[in-house]
1. Could you check the simple spin-label distance between V193 and M65, using points 7 Å along Cα→Cβ, in nm with one decimal?
2. Just the number please: accessible area per residue for segment 422-498, 1.4 Å probe, all protein chains included, in Å².
3. Tell me the label-point distance for the pair D332, V200, using the 7 Å Cα-to-Cβ offset, in nm and rounded to one decimal.
4. FRET efficiency for A109 and E362, Cβ-Cβ distance as r, R0 = 25 Å, nearest 0.05?
5. Can you list the lysines whose alpha carbon is less than 22 Å from that of K452, not counting same-chain residues fewer than 8 positions off?
6. For a Förster distance of 51 Å, can you work out the FRET efficiency between the beta-carbons of T100 and I286, rounded to the nearest 0.05?
7. Fully extended, how many nm does the chain gain between D143 and A39 (0.36 nm per residue separation, minus their Cα-Cα distance)?
8. For segment 62-190, calculate the relative contact order in percent as a whole number, restricting contacts to Cα pairs under 8 Å that are 6 or more residues apart.
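The values are calculated or read from the model by the stated rules, or taken from the named source; none is laboratory data. In this text the structure is predicted, and so the values were computed from the model without any measurement. In this analysis, Cβ positions are derived from the backbone assuming ideal geometry, glycine residues included, and neighbour counts consider all displayed protein chains. Please note that ligands, DNA and RNA were not included when accessible areas were found on the heavy atoms of the full protein model with its side chains. Shrake-Rupley method; radii C 1.70, N 1.55, O 1.52, S 1.80 Å.
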Amino acid sequence: MTSAFRTAVEPEFALDTAADLAMSHGDSTPAWAMLAYLAAGVFFILALRGLSSPATSRAGNRYGMIGMAVALVTTLVTHEIANIVEIGVAIFLGGIVGVTIARRIAMTAMPELVAGFHSLVGMAAVVVGLAAWLNPGAFGIVDEASQILMVSRIELGLGIAIGAITFSGSVIAFLKLSGRMSGSPILLPLRHVINLGTLVAILGIIGFYAVSPEGGAGEGWPIIAITLLAFAIGFLLIIPIGGADMPVVVSMLNSYSGWAAAAMGFTLGNTAMIITGALVGSSGAILSYIMCRAMNRSFISVIAGGFGADDSGGGSGEAREQRPYKRGSADDAAFMLEQAEKVIIIPGYGMAVAQAQHVLREMADALKEKGVDVKYAIHPVAGRMPGHMNVLLAEANVPYDEVFELEDINSEFAQADVAFIIGANDVVNPAAKTDKSSPIYGMPVFDVDKAKQVFFIKRSMGGVGYAGVDNDVFYMDQTMMLLSDAKKMVEEIVKALD
């Protein structure tokens, strides 16, 4: 998986927000403003380029912020209808909300925060589209007969539809990621038929609206029907998707939000919206494709919804809880770790919940001082969003050259003395390779079973991974379970190493 979005949480918000800001701008854009928007787009491209490597990610963030500033200032200077005082009040109130969220949000809640912001981008596209439909003259999209131009009707329909799908789909993703809704797939009878029929109906109504003799606000039912059906299909596409596939959902919804903004940009004749929307949409689509390859999923199945949704493999956890396993202590782990020559650390969402990344780096530093070769293995879908673990390790100042992706390090487990699993589960579950009934079947996983010794940190044996399936690694002969809070256990290991 490319690392273009590993540390892109802030720039991603910048791209989305730039599109939102530009929604207030009409089609009478001065030449200098178009050049300024183009310059902002160049900075956004440079931001994505910088984010292709952790070593240049800070520069990428700076480019994104510069591009955002250019887009913001240009939009404010060239405003024609909105009152500058009203805009200032809106920016002030939005800034207060943003600062409050930034101060309170935990890194573990970042995935649902991203989903929440995607929903706002989608709703912004819907609201702007409805405003243009209700008052097309103010947006300059009418002909001599005061009817909405045919091309604008198509753009309005698509923009509203994609925006509504993004909104309702992102709301469901937010509920699943935040634990307010079960992460298990919710399977409706004939769901694929319903989804396909709804999408065909939306496209059919858009086509009818485009050629309708009355294309203004007076012809109300097509736009209303498109909006309602799109809200429904966004909900229907996401509820059948299980927890193990949520990282793909996040990147997919990111792409949808970009295309919604780009569609509105064409309607409003706004260069900034077109550029930023296309950047978000295309980069999100590319990331979704890469994530699908990493998880051995079909890209078409992702778009259609309901991929990886099979209940049959998720209920075996209770039957396996009684199987014998070995339980170890921090002293046991410390002794074997310092005797090892090569240790591979596999972090997961449990590390994020416990905020154990800093003490984990301390443990790795202590081992390196004793001559142990330490590496980190990052799965493309570890955590709840793309690049979640990379961001956490970067926050803890883990050296970039010690972090490896699955395809680069999986072959090294056979030579590893210890596989140290901290808070990961599904990404090391061999059921993905052997159990065709499992909801994670086909997903590439780390070959931790080939390591000489496995330490597995988790809170208790009663829980299972986000996909809801038990893990045979718990019960292997070479596995020692370290049952505790991840941060507390690693702190005890560090003390034992001293």
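1. Those two pseudo-labels are separated by 5.5 nm.
2. The answer is 36 Å² per residue.
3. It works out to 5.9 nm between the two label points.
4. 0.55
5. Partners within reach: K326, K342, K368, K370, K375, K433.
6. After rounding, the FRET efficiency stands at 0.95.
7. 34.2 nm
8. It rounds to 29 percent for segment 62-190.
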